[in-house]
């Protein structure tokens with residue numbers, strides 16, 4: 001079973017998701033430049049809301065390269081020497097088959113997506129195997145000192161040598177530390193660990209980049225700032241600059257594959273129900289944080305369309321292949337979205353559809369039956385969740 005979420009959300013002056021030169025992200029679609037918000041930005045915005053929508057802190061994960069330093073700090077709290085703890089924690093990660101950053105060995109090679117209890121579990125593993133891991137740390141320190149002056153040493157080769165294949169006991173420890181069966185955001189968005197595919201998790205949720213329903217042109221705000229302590233006889237600005245922005249109505253799309261979520265959470269029906277509710281509510285409320293202190297673009301979605309289906313998935317972005325051009329962008333975008341959806345379901349049929357529920361703050365929901373229209377967001381969410389249990 002699949003839940004599909006389609007949202008229309010208009011933001012005023014904003015720069016929610018910047019590119020490498022600080023401008024709002026864009027994409028060319030239908031031959032026209034569109035505003036864009038990346039799926040990564042939307043997923044992070046949603047993840048940060050999961051606890052507000054019913055999940056416990058222990059049921060959400062963290063993305064970090066700092067397992068070594070956090071584990072070492074915990075071991076220090078338990079009475080270990082901090083310097084020794086850093087070496088042991090580093091050795092522990094290498095023993096688990098994970099790499100360390102070549103320039104800063106206190107960081108992992110890449111961001112790890114783990115449960116909130118990973119630091120405690122890694123510290124427990126360090127305590128159990130302290131003597132062996134301490135010897136490994138000392139050996140690595142001596143080897144590093146020895147090769148300091150050897151400029152011809154191949155770092156890639158050395159890195160390969162430092163990663164040892166874990167034995168069964170170590171793999172069991174790694175499985176406990178990297179277990180994601182009760183970590184909802186890992187179950188939803190997946191995880192890839194290049195060093196050991198056994199710990200990979202297939203994502204249950206797919207999230208599209210949001211694109212504007214109409215053509216956009218990025219603009220910029222010219223600003224000046226004056227020194228509050230500037231002598232009264234002096235004039236002129238002490239800072240001059242520009243900030244890029246746009247204003248756009250975005251189409252957002254995400255889906256949730258409930259069978260994959262159930263598999264990732266090992267069939268825990270209670271956690272799955274709470275995860276589904278949290279996913280739906282968090283994605284409705286998700287707003288990226290970029291430049292919000294200077295723009296306060298905190299507008300909620302105005303049109304919501306949710307489809308519950310047995311199989312298949314329809315991203316409705318092609319409703320906007322021809323850019324919307326209208327003074328009332330939300331009404332025109334809603335009309336285009338629902339028109340496209342109804343044409344698609346007439347053409348492909350409705351055999352796989354379990355429920356269609358829509359709600360809108362301002363627009364008429366033309367083409368939908370009375371039973372498919374909800375009067376509020378709360379009613380929409382209730383109907384969707386009921387349809388998943390039918």
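The values are calculated or read from the model by the stated rules, or taken from the named source; none is laboratory data. Being a predicted model, the structure only gives us computed values, none of them experimental. We place every Cβ from the backbone using ideal geometry, glycine too, and count neighbours over all the protein chains shown.
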### Query
Restricting to the range 77-104, what's the tally of residues that are surrounded by fewer than 18 Cβ atoms within 10 Å (Cβ to Cβ), touching a helix residue (DSSP H, G or I) at 6+ places or on another chain (Cβ under 8 Å) and without any contact (Cβ under 8 Å) to a residue 40 or more places away in the chain?
1
### Task
Would you point out which residue out of 114, 119 is assigned to a strand (DSSP E or B), in contact with a strand residue (DSSP E or B) (Cβ under 9 Å, 6 or more places away or on another chain), closer than 30 Å to residue 276 by Cβ and outside the structural domain of residue 289 (by TED's automatic domain parsing)?
114
### Query
Inside the range 29-111, counting only helices (runs of 4 or more DSSP H) that do not spill past its ends, which hold 1 or more residues that are more than 29 Å from residue 126 (Cβ to Cβ)?
39-47
### Query
Can you pull out the residues in the range 180-218 that are in a loop (DSSP other than H, G, I, E, B) and over 27 Å from residue 311 (Cα atoms)?
193, 194, 195, 196, 214, 215, 216, 217, 218
### Query
Inside the range 282-390, counting only helices (runs of 4 or more DSSP H) that do not spill past its ends, which hold 1 or more residues that are farther than 25 Å from residue 257 by Cα and touching a residue at least 40 places away in the same chain (Cβ under 8 Å)?
292-295, 329-348
### Query
What number goes with the only condition from (1) in a loop (DSSP other than H, G, I, E, B); (2) surrounded by 18 or more Cβ atoms within 10 Å (Cβ to Cβ) that residue 20 does not pass?
(2)
### Task
Quick one: residue 68 ticks every box in (1) closer than 24 Å to residue 179 by Cβ; (2) touching a helix residue (DSSP H, G or I) at 6+ places or on another chain (Cβ under 6 Å); (3) surrounded by fewer than 18 Cβ atoms within 10 Å (Cβ to Cβ) except a single one, so which number is it?
(3)
### Query
Out of curiosity, is residue 168 at pLDDT 80 or above and in the same structural domain as residue 121 (by TED's automatic domain parsing)?
yes
### Message
Could you list, ordered by first residue, the pairs with Cβ atoms under 8 Å in which the first is in the range 225-246 and more than 30 Å from residue 16 (Cβ to Cβ) and the second is loosely packed, with under 10 Cβ neighbours inside 10 Å, at least 6 apart or interchain?
### Response
none
